[in-house]
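What follows is a short report on a single structure.
The values are calculated or read from the model by the stated rules, or taken from the named source; none is laboratory data. For clarity, every value in this text was computed on a predicted model and none was experimentally measured. Glycine gets a Cβ as well: all are built from the backbone with ideal geometry, and neighbour counts include every protein chain shown.
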Amino acid sequence: MQLDDLKVFLAVVETGSMTAAADSLGVPKSTVSRRIAALEEDLGLQLLNRTTRKQSLTESGERLLQRAQPLVAELQGLDEELIDWHSAPQGPLRVQLPLDFFSDEVGQIIAQFVKKYPKVQLCCTHSASHDLDKSAGFDVVFVLHALPLPDSDWVAKPLMSVPMGLFHSVSMPDRHNITCADLINMPCIASGQETYWPFRGEEGPKLVPIRPVVAVNSPELALQVALQGAGVVRMPVYLAHPWVVKGRLNRVITRDALQAQTLSVCYQGRQVPRRVRLFIEHFQQSISNLSAQV
């Protein structure tokens with residue numbers, strides 16, 4: 001049984017006819033017919049029911065299709081991977097990054113990558129969205145999330161934990177030892193459409209309702225609104241720390257701890273192009289420097 005014969009068989013099944021398979025493969029129809037006949041002779045089985053109007057799979061053909069399809073796909077993937085491995089990574093690479101994540105440091109990581117692999121056309125986009133939308137066309141999506149990501153076809157790999165805190169302007173009354181229930185009576189600065197903040201509960205994240213007085217989709221805007229005394233803001237501790245040191249923000253002390261955010265890298269499928277794999281590995285290796293800052 002020849003691999004090329006199996007590929008022709010799969011093409012016939014996928015396209016629905018020998019004529020269409022021949023067009024798809026760029027070979028004469030007689031070649032397709034000869035390959036199918038050779039495969040049937042090797043196996044001693046009839047694989048296709050042929051009539052003047054249509055063709056269909058026999059029971060043996062159905063069985064061969066189920067077994068051969070994943071095997072041929074894996075072999076083709078291996079061929080591409082080996083060819084890719086011995087050549088310089090190149091081609092487009094689209095990456096989505098969270099708005100509120102280490103802009104300066106991530107810029108350095110990206111610059112190091114494009115210097116190392118100049119043939120990769122890297123396109124980076126910032127977004128406040130946590131949706132893993134395949135139609136957006138991203139190869140790699142980084143997501144900051146406090147709750148588990150929903151089930152999807154994406155592979156998600158946690159990279160680091162980002163501690164969160166509640167902060168308000170020094171112009172507001174200081175808040176110490178408050179309970180989660182107290183939040184509903186405090187003016188809060190929401191991110192997007194959020195109506196709750198996650199705290200650490202005994203059995204996982206506990207969602208605590210808040211009273212948003214303003215909703216923003218930019219961490220920088222949330223910080224500026226908080227500095228003006230409009231309300232309490234939930235943000236990464238590393239972002240708020242410089243303003244606490246300057247005496248512009250106070251930290252809200254709560255009895256229960258806020259749920260930390262997790263930075264996860266998401267990509268589609270375990271067999272990815274080399275440029276995607278190299279970018280993820282580069283980012284993961286560099287992330288240890290960022291972890292020390294949070």
Pairs, please: C-beta under 8 Å, at least 6 apart or cross-chain, first residue polar (S, T, N, Q) and in segment 217-246, second surrounded by 14 or more Cβ atoms within 10 Å (Cβ to Cβ)?
Asn217/Leu99; Asn217/Ala128; Asn217/Ser191; Ser218/Leu99; Ser218/Ala128; Gln228/Ser169
Contact list, first residue from segment 169-192 and closer than 17 Å to Arg248 by Cα, second anywhere and loosely packed, with under 14 Cβ neighbours inside 10 Å and not aliphatic (A, V, I, L, M), beta-carbon distance below 8 Å, six or more apart or interchain, is Ser169/Gln228; Ser169/Gly229; Val170/Gly247; Ser171/Gly229; Met172/Gly229
Condition check for Thr254: of a type in the set (Ser, Thr, Tyr), farther than 28 Å from Ala111 by Cβ and surrounded by 14 or more Cβ atoms within 10 Å (Cβ to Cβ)
yes
Determine which single condition Thr262 fails, assuming it passes every other condition in (1) under 24 Å from Asp151 (Cβ atoms); (2) crowded, with 19+ Cβ neighbours inside 10 Å; (3) touching a His at 6+ places or on another chain (Cβ under 9 Å).
(2)
Restricting attention to segment 33-43, and to residues there that are of a type outside the set (D, E, K, R) and modelled with pLDDT of 85 or more, which single residue is surrounded by the most Cβ atoms within 10 Å (Cβ to Cβ)?
Ile36
What number of residues in segment 265-282 are outside any strand (DSSP E or B) and either under 14 Å from the mean Cα position of the chain (by Cα) or surrounded by fewer than 16 Cβ atoms within 10 Å (Cβ to Cβ) (or both)?
9
If we ask which residues in segment 88-121 are of a type in the set (Asp, Glu) and surrounded by fewer than 12 Cβ atoms within 10 Å (Cβ to Cβ), their number turns out to be 1
Can Leu221 be described as in a helix (DSSP H, G or I) and either within 21 Å of Leu249 (Cα to Cα) or touching a strand residue (DSSP E or B) at 6+ places or on another chain (Cβ under 7 Å) (or both)?
yes
